[in-house]
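Q: To start, I am sharing the structure in question, which I have written as structure tokens.
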Amino acid sequence: MMAAGKNDGTGIVQMLASVVLFTVNTLMVRWLALQFSGVDGWQVTFFRGIAGIILVWLLFTRGRGLQAKHLVSRPLVMARGLLGALGIYLYYLTIIHLGAGRAVILNLTYPIFASIIAAVFLKESLSKRKLGWIVAGFFGLVIFLGDQSLANGVSKYDLLALLGAVIAASVVVLIRKLHDSEHTSTIYASQCVYGAILAIPFASPKLPELPVEIGAWLLLAGGIVTFGQLFMTFAYRHLEVSTGASIQMLLPIFTALGGYFLFQEKFTLIELLGATLTLLATYQVMRVKRKTI
């Protein structure tokens, strides 16, 4: 049990900083896609990967943790990178097509899927309480998506957002496993490197058409989200998981507010009720202590 103290304050500030940076990144990507129609998920993934590689290299080489050779010699590190890259692409694709608020809410269901995957592959037990909240979370999703489906059917981008959440959940399970043998910088670098590599064939044909200023903004957005990831990692040195997770649940609220004021994104009352239930369930799933059998 972590004792309360000044480190808690440090962790809270760092975690809040990560939420703000994640929100800014998401809203920037949405804004850039509206400003220039050529911006797509692959381009955002590519620039995020490049920015991450630069920052990780500057901060963690020279004996400070990064093991670059592990990126090509450790299968689990490679798998983390490839899955992470695909998940990031789906995240940004859905932000562009669904709007910032809706995409983030669907993406943040990943702890629910992570609990199920961890139970299967890591033999973590699912308590009745956690299982109950998982069921509640899925019920909230049915409500959240159901209002739209009454009129237009569930969008393929809604389904892609949920697929992205499942992939993100798989990545979380991989990260848990990799932390037994790998430094955080190596784990994160795998996402950056494989994200850039995977995106090159899809992003490069459109890069010559991309205005220089849009490319600069995309690179800045990639740097912002990298620092968000680092702040979140550092914050968990001072905070219990439940505390950190509760702060991260501010992300969909901040993003939805930003989407409302900047892009006029709106939700119906029943969508808000469904989203609230899902986010509450996700928070409760993260609060339940893990047990291994």
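The values are calculated or read from the model by the stated rules, or taken from the named source; none is laboratory data. This structure is a prediction, so every number in the text was calculated from the model and none was measured. A quick note on method: Cβ atoms are made from the backbone with ideal geometry, for glycine too, and the neighbour counts reach across all protein chains shown. Please note that ligands, DNA and RNA were not included when accessible areas were found on the heavy atoms of the full protein model with its side chains. Shrake-Rupley method; radii C 1.70, N 1.55, O 1.52, S 1.80 Å.
Q: From (1) open to solvent by 40 Å² or more (accessible area, probe 1.4 Å); (2) part of a helix (DSSP H, G or I), pick out the condition that doesn't hold for Gly223.
A: (1)
Q: Also: Yes or no: segment 89-107 includes at least one residue that is touching a Lys or Arg at 6+ places or on another chain (Cβ under 8 Å) and modelled with pLDDT under 90.
A: yes
Q: Can you name the residue in segment 166-186 that is modelled with pLDDT of 90 or more and within 29 Å of Thr278 (Cβ to Cβ) and is also surrounded by the most Cβ atoms within 10 Å (Cβ to Cβ) among such residues?
A: It comes out as Ile167.
Q: Now for a separate question. Based on what the data block shows, is Gln67 open to solvent by less than 10 Å² (accessible area, probe 1.4 Å) and either in a helix (DSSP H, G or I) or in contact (Cβ under 8 Å) with a residue 24 or more places away in the chain (or both)?
A: no
Q: Please indicate, with yes or no, whether at least one residue in segment 19-36 is of a type in the set (Gly, Ala, Ser) and either within 22 Å of Pro208 (Cα to Cα) or open to solvent by 10 Å² or more (accessible area, probe 1.4 Å) (or both).
A: Taking segment 19-36 as the starting set, the residues that turn out to be of a type in the set (Gly, Ala, Ser) are 33.
Now drop any that are not either within 22 Å of Pro208 (Cα to Cα) or open to solvent by 10 Å² or more (accessible area, probe 1.4 Å) (or both), which leaves 33.
Yes - at least one qualifying residue is present in segment 19-36.
Q: What pairs can you find where one residue is in segment 160-176 and basic (Lys, Arg), the other is open to solvent by less than 20 Å² (accessible area, probe 1.4 Å) and outside any helix (DSSP H, G or I), and their Cβ atoms are less than 8 Å apart, with a gap of 6+ or different chains?
A: none
Q: Filter segment 99-138 for residues that are in contact with a Pro (Cβ under 8 Å, 6 or more places away or on another chain) and of a type in the set (Val, Ile, Thr); which is surrounded by the most Cβ atoms within 10 Å (Cβ to Cβ)? Reasoning before the result, please.
A: Our first condition is that a residue be in contact with a Pro (Cβ under 8 Å, 6 or more places away or on another chain); within segment 99-138, this holds for 101, 104-105, 108.
Still in the running and of a type in the set (Val, Ile, Thr): 104-105.
On the way: Val104: 25, Ile105: 28.
It comes out as Ile105.
Q: Give me the pairs, please: first residue somewhere in segment 268-293 and over 12 Å from Phe144 (Cβ atoms) and modelled with pLDDT under 80, second residue anywhere and outside any helix (DSSP H, G or I) and open to solvent by 60 Å² or more (accessible area, probe 1.4 Å), beta-carbon distance under 7 Å, and either six or more positions apart or on two chains.
A: Thr292/Lys123; Ile293/Lys123
Q: For segment 35-50, name all the residues that are assigned to a helix (DSSP H, G or I) and modelled with pLDDT of 90 or more.
A: Looking only at segment 35-50, we keep the residues that are assigned to a helix (DSSP H, G or I), and these are 35, 41-50.
Hits for segment 35-50 are Gly41, Trp42, Gln43, Val44, Thr45, Phe46, Phe47, Arg48, Gly49, Ile50.
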